[in-house]
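The values are calculated or read from the model by the stated rules, or taken from the named source; none is laboratory data. Computed from a predicted structure; not experimentally measured. All Cβ positions, even for glycine, are placed from backbone atoms using ideal geometry, and neighbour counts span all protein chains on display. These area figures cover heavy atoms from the full protein model, side chains too; ligands, DNA and RNA do not enter into them. Shrake-Rupley method; radii C 1.70, N 1.55, O 1.52, S 1.80 Å.
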Amino acid sequence: MSTGLGTITGGAGLPDWNPELDDVLVCRQVRQETADVKTFVFSARKPCLFRFKPGQFLTLELSIGGETIHRSYTISSSAARPYRLSITVKRVPGGPVSNWLHDTLKPGDEIRAVGPMGDFTLPETGAASTKYLFLSGGSGITPSMSMTRTLADLGEDTDIVFIHAARSPSDVIFRHELDLMARHAQRLRVAHTCEALTGEPGWPGFTGRVSLAMLQLMAPDLMERTVYVCGPSPFMAAVRSMLEGAGFDMARYNQESFNFEELGLDAQPSAPEAAPAEAAPVPEAAAPVAAATFKVAFAKTGKTIDCSADTTILDAARRSGVRLPASCARGLCGTCKSKKVSGEVTMKHAGGIRQREIDQGQILLCCSKPTSDLVIDR
């Protein structure tokens, strides 16, 4: 099992879970973490091993109200315990998937999933000698928790400062487990900060929103650490701006969200532009040839849009005011997976769709461009 710390072996004789062959996961346990957060523990129908890197996610395929919905959730369990895996989900007011999971999914129920996927993970080499700062807000704690659990299970002598921001003490996810881990690990420091102290006037942690001064108190050697950040978009934007302003080396800054397009994420800074070469005669460029334009009809809504051959269906739909489910916008998570009723496309995806789904006419709208008129079952 590759985790960024080498390869973990175990479970001799058991096959790896392969969603290409059997994508069913069985819910084995449901744990209440806070008033609005639950952990769902899964295994396959037959004993197998789950191979993933801490920080990666699964995309669930759920049938809710007669509609198939895809949602991505980070794996919160340790990669060093491959027999089961878990996701930890916060109930979102009005959210169809989180509310369905909280209200409906119970031990013994089966769901479908694809993955693991994602590159918000620990580096492949040298992780044991790295100093980390894991910084999370709300339910964004899950990838940091998977990383910390994995490193603790492996007994690696890794220096971690784990900082979590929550609304109130009762909203701190994994609070007691983290505090217990910190008591038994010499190089794990845990700090919580809450905006309000409702229900716990004797709160021993920090109070208020994360600030640079607070980070410097929690991690005096902040500028020497590799930072992993996950949480609500405003939280991550504030942290990023804060660190950039402080002169932090942003090559060691990593940020995760399932709405990559919204955040314009780029964990590594852009390469500097090359110096211009000595001027040379440039032949006159030919006039650009306009790409062909095709009609894309959405069968369920009755809407039709124009989409050029050099534009993804998702981009064209958004420009036309058609709202479609999407998350990563780069062919990774599978949220925009849709049935192609007729027509042809070119599609370059990053693992968010399986070959058998492609054979059945499924496409990812975020990375599919039309080569003919289309009808999409949306």
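Would you calculate a helix-derived [θ] at 222 nm for the chain, using -39,500 (n - 2.57) for each DSSP H run of n ≥ 4 and dividing by the full residue count, to the nearest 500?
Per the formula, -5000 deg cm²/dmol.
Roughly speaking, what is the stretch gain from residue 99 to residue 18, that is 0.36 nm per residue apart minus the C-alpha to C-alpha distance, in nm to one decimal?
That works out to 26.4 nm of additional length.
On full extension of the chain, what length is gained from residue 221 through residue 91, given 0.36 nm per residue of separation minus the C-alpha to C-alpha distance?
Gain in length upon complete extension: 43.3 nm.
Between residue 131 and residue 184, what FRET efficiency comes out of the Förster formula 1/(1 + (r/R0)^6) with R0 = 30 Å and r the beta carbon distance, rounded to 0.05? Write out the running numbers ahead of the final one.
Values: r = 19 Å, r/R0 = 0.64.
The pair residue 184/residue 131 has a calculated efficiency of 0.95.
Taking only protein heavy atoms into account and a 1.4 Å probe, give the accessible area per residue of the chain in Å².
With the other protein chains kept in place, the chain gives 48 Å² per residue.
Lysines within cross-link reach of residue 46: Cα-Cα under 27 Å, excluding same-chain residues under 8 positions apart?
38, 106
Suppose each label sits 7 Å from its Cα in the direction of the beta carbon; what would the residue 67-residue 176 distance come out to in nanometres?
3.8 nm
Would you mind putting 308-314, 178-184 in packing order, based on average other-beta-carbon counts within 10 Å, highest first?
Ranked by mean Cβ neighbours within 10 Å, highest first: 308-314, 178-184.
Any chance you could run the full-extension gain for residue 300 through residue 167? It's 0.36 nm times the residue separation minus the Cα-Cα distance, nm to one decimal.
My answer for the length gained is 43.9 nm.
Between 335, 150, 346, find the one with the highest GNM mean-square fluctuation for the chain; connect C-alpha pairs within less than 10 Å.
346
Where nothing but the Cβ of Lys and Arg (+1) and of Asp and Glu (-1) is charged, how large is the charge dipole of the chain around its Cα centre, in debye to the nearest 20?
1080 debye
Report the residues of the stretch 323-347 in range of a label on residue 377: point 7 Å along Cα→C-beta, backbone N strictly under 14 Å from it.
337-343
With an 8 Å cut-off on Cα pairs and a minimum separation of 6 or more residues, tell me the relative contact order of the chain in percent.
13 percent
If R₀ is 30 angstrom, what is the calculated FRET efficiency for the pair residue 319 and residue 341, using the beta carbon separation as r and rounding to 0.05?
0.85
Of the DSSP beta bridges with both residues in the chain, give the percent that are antiparallel, rounding to the nearest 5.
Numbers: 45 of 74 bridges.
Rounded to the nearest five, the antiparallel share is 60 percent.
Any chance you could give the angle, 0 to 90 degrees and rounded to 10, that helix 233-245 forms with the longest Cα principal axis of the chain?
Relative to the chain, helix 233-245 is tipped by roughly 70 degrees.
Give the separation of the Cα centroids, the stretch 14-81 to the stretch 111-181, in Å.
17 Å
State the label only: which of (i) 20.9, 72; (ii) 20.2, 64; (iii) 22.8, 74 corresponds to Rg and Dmax of the Cα atoms in Å computed from the shown model?
It is the value labelled (iii).
Over the stretch 91-157, what percent of the accessible surface lies on carbon and sulfur atoms, probe 1.4 Å?
50 percent
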